[in-house]
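Visitor: Okay, here's the structure, questions in a sec.
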Amino acid sequence: MAKASGEKKLDPKKPHITDERITKANWFKHVNWLNVTLIIGVPIYGMITAYYTPLHLKTAIFAFAYYFMTGLGITAGYHRLWAHTCYSARLPLKIFLAAVGAGAVQGSIRWWSRDHRAHHRYTDTDKDPYSVRKGLVYSHIGWMIMKQNPKRIGRTDISDLNDDPVVVWQHRNYIKCVIFMGMVFPCLVSGLGWGDWMGGFIYAGILRIFVVQQATFCVNSLAHWLGDQPFDDRNSPRDHVITAFVTLGEGYHNFHHEFPSDYRNAIEWFQYDPTKWSIWVWKQLGLAYDLKQFKQNEIEKGRLQQMQKKLDQKRQTLDWGIALEQLPIIDWDTYQTEAKNGRALVAVAGVVHDITDFIKDHPGGKALITSGIGKDATAIFNGGVYNHSNAAHNLLSTMRVGVLRGGCEVEIWKRAQRENKDISFVSDSAGQKIIRAGSQVTRIAEPVASADAA
Ligand SMILES: [Zn+2]
Ligand SMILES: [Zn+2]
């Protein structure tokens, strides 16, 4: 399937069909009819014929096992061994993976890996051969059933693949490999094994190919559309257990795009990644070696940064009060006059708060809170009368209306800023100040002495 695309020598002077807009008159020229036949037509024939073909238990078990093997040919072979060189394989394993990979009918290793490297390098751009930005259906199947301009696909280096004799041999003999491993081999096993030639052809051949193909296509579509993004949310790849179940463990795709040369897709032991388990078993058998694994430290860094990004987004939805530098500067006399004239203003650590709407809700009662009106309530608030909670400091900050000019109140504020220098001025990725618990400007460590001096 799709073997021919991109392999023919192009006449650079001749415009490619994709340069023309799709119209009623030319749409059929845009369709890749060979691929339509192989990935849609043949499976439909298989389904119709299956209706008249009894399914024997042995054939069913073999079809499932062969599905798993040919799927591994793609996930452990084409993808993790050849496209990403996540590990090295001895010759017998390479030959096995190249053979069962051909049985999955998804193009040669060379063609598949080149496109896949372009997919990683140019994810979500026009140079991505199966960009999900062009729609879920396009990323799943559209890019194969519609003709593609090979010049559009991003360039990648595949010199290592051209040096691999197994890859080169499979590429040169691809059609023979596909026909034998895709159709003849399952037929022979079922036919010679238990006399079910037709069942082998339909179930272990055609329909099994259909399932493996659709499963693999899900990595390009579903894995870029469904699930979480614990490592980076700037591009489309996502992690989801459903995709993992469908794709022999390739569903932890957000991780995979961040750490593509890691032989694992799932990093937790309880996550479903039979491709990883197979590679590990091959290592124990001496068939695979040099399994690459990113350091946990690097993985945790990526996870933490993404968590921080989410925290920043959440923080920005909350009311932290007007920023101090945006508040008007009020003289001490003006503050006292306004308070005397009936405005419920309270100064704490040089910041003036309007508590009018809060007096009736004050947990400590009306009398205590009103006693602070028109005064420097720094010490009262910070333990002189009651050592207010972190939540109280947070709430108070939403009532700020001004900053006192000069005087020791401002000095207290400045000192507080100095003391908490490391934390007070931390900003998030959008430049918003981060106010950590216990480091609000109204919180003063030893306020009584300073306030007495006032
Ligand atoms: Zn991807
Ligand atoms: Zn990949």
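The values are calculated or read from the model by the stated rules, or taken from the named source; none is laboratory data. This one's a predicted model, so the numbers in the text were calculated from it and none came from an experiment. Cβ coordinates were reconstructed from backbone atoms using ideal geometry, including for glycine residues, and neighbour counts include every protein chain displayed.
Visitor: Would it be correct to say that residue 272 is in contact with a helix residue (DSSP H, G or I) (Cβ under 6 Å, 6 or more places away or on another chain) and within 13 Å of ligand 2 (Cβ to nearest atom)?
Guide: Spelling it out, it is not the case that residue 272 is in contact with a helix residue (DSSP H, G or I) (Cβ under 6 Å, 6 or more places away or on another chain) and within 13 Å of ligand 2 (Cβ to nearest atom).
Visitor: Could you run through the stretch 194-220 and say how many residues are more than 17 Å from residue 44 (Cβ to Cβ) and more than 16 Å from ligand 1 (Cβ to nearest atom)?
Guide: 8
Visitor: Part of a loop (DSSP other than H, G, I, E, B) and either of a type in the set (A, V, I, L, M) or closer than 27 Å to residue 294 by Cβ (or both) - does that describe any residue in the stretch 112-120?
Guide: No, every residue in the stretch 112-120 fails to be part of a loop (DSSP other than H, G, I, E, B) and either of a type in the set (A, V, I, L, M) or closer than 27 Å to residue 294 by Cβ (or both).
Visitor: Next question. Since residue 250 meets every condition but one in (1) part of a loop (DSSP other than H, G, I, E, B); (2) surrounded by fewer than 17 Cβ atoms within 10 Å (Cβ to Cβ), which condition does it not meet?
Guide: That leaves (2) as the condition not met.
Residues are listed down the side, and each one gets a yes or a no for (1) modelled with pLDDT of 95 or more; (2) farther than 23 Å from residue 204 by Cβ; (3) of a type in the set (Lys, Arg); (4) away from ligand 1 (no atom under 14 Å from the Cβ):
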site	(1), (2), (3), (4)
77	yes, no, no, yes
83	yes, yes, no, no
86	yes, yes, no, yes
92	yes, yes, no, yes
97	yes, no, no, yes
102	yes, no, no, yes
126	no, yes, no, yes
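Visitor: Considering each residue of the stretch 254-284, count those that are in a loop (DSSP other than H, G, I, E, B) and either outside the structural domain of residue 79 (by TED's automatic domain parsing) or under 21 Å from residue 221 (Cβ atoms) (or both), and give that number.
Guide: Residues meeting the conditions: 6.
Visitor: Residues 285, 311: which one is modelled with pLDDT of 90 or more and within 30 Å of residue 80 (Cα to Cα)?
Guide: Testing whether each residue is modelled with pLDDT of 90 or more and within 30 Å of residue 80 (Cα to Cα) leaves just 285.
Visitor: Looking at the structure I just gave you, is residue 335 over 30 Å from residue 376 (Cα atoms), of a type outside the set (A, V, I, L, M) and in contact with a strand residue (DSSP E or B) (Cβ under 8 Å, 6 or more places away or on another chain)?
Guide: For residue 335, the condition - over 30 Å from residue 376 (Cα atoms), of a type outside the set (A, V, I, L, M) and in contact with a strand residue (DSSP E or B) (Cβ under 8 Å, 6 or more places away or on another chain) - is not met.
Visitor: May I pose another question? Among the numbered criteria (1) assigned to a loop (DSSP other than H, G, I, E, B); (2) more than 30 Å from residue 278 (Cα to Cα), which single criterion is violated by residue 55?
Guide: Going through (1) assigned to a loop (DSSP other than H, G, I, E, B); (2) more than 30 Å from residue 278 (Cα to Cα) one by one, residue 55 breaks only (2).
Visitor: Does any residue of the stretch 288-300 turn out to be in contact (Cβ under 8 Å) with a residue 40 or more places away in the chain, on the phi > 0 side of the Ramachandran plot, aliphatic (A, V, I, L, M) and touching a helix residue (DSSP H, G or I) at 6+ places or on another chain (Cβ under 9 Å)?
Guide: No.
Visitor: Condition check: within 24 Å of residue 223 (Cβ to Cβ) and either of a type in the set (Phe, Trp, Tyr) or within 14 Å of ligand 2 (Cβ to nearest atom) (or both). Does residue 117 satisfy that?
Guide: Details: within 24 Å of residue 223 (Cβ to Cβ): yes; either of a type in the set (Phe, Trp, Tyr) or within 14 Å of ligand 2 (Cβ to nearest atom) (or both): yes.
Yes, satisfied.
Visitor: Look through the stretch 196-231, keep the residues that are surrounded by fewer than 23 Cβ atoms within 10 Å (Cβ to Cβ) and touching a Gly at 6+ places or on another chain (Cβ under 7 Å), and return whichever of them is nearest to residue 86 (Cα to Cα).
Guide: Among those residues, the one meeting the criterion is 231.
Visitor: Any residue that is within 16 Å of ligand 1 (Cβ to nearest atom), surrounded by 21 or more Cβ atoms within 10 Å (Cβ to Cβ) and in a helix (DSSP H, G or I) - is there at least one of those in the stretch 65-74?
Guide: Yes, the stretch 65-74 contains a residue that is within 16 Å of ligand 1 (Cβ to nearest atom), surrounded by 21 or more Cβ atoms within 10 Å (Cβ to Cβ) and in a helix (DSSP H, G or I).
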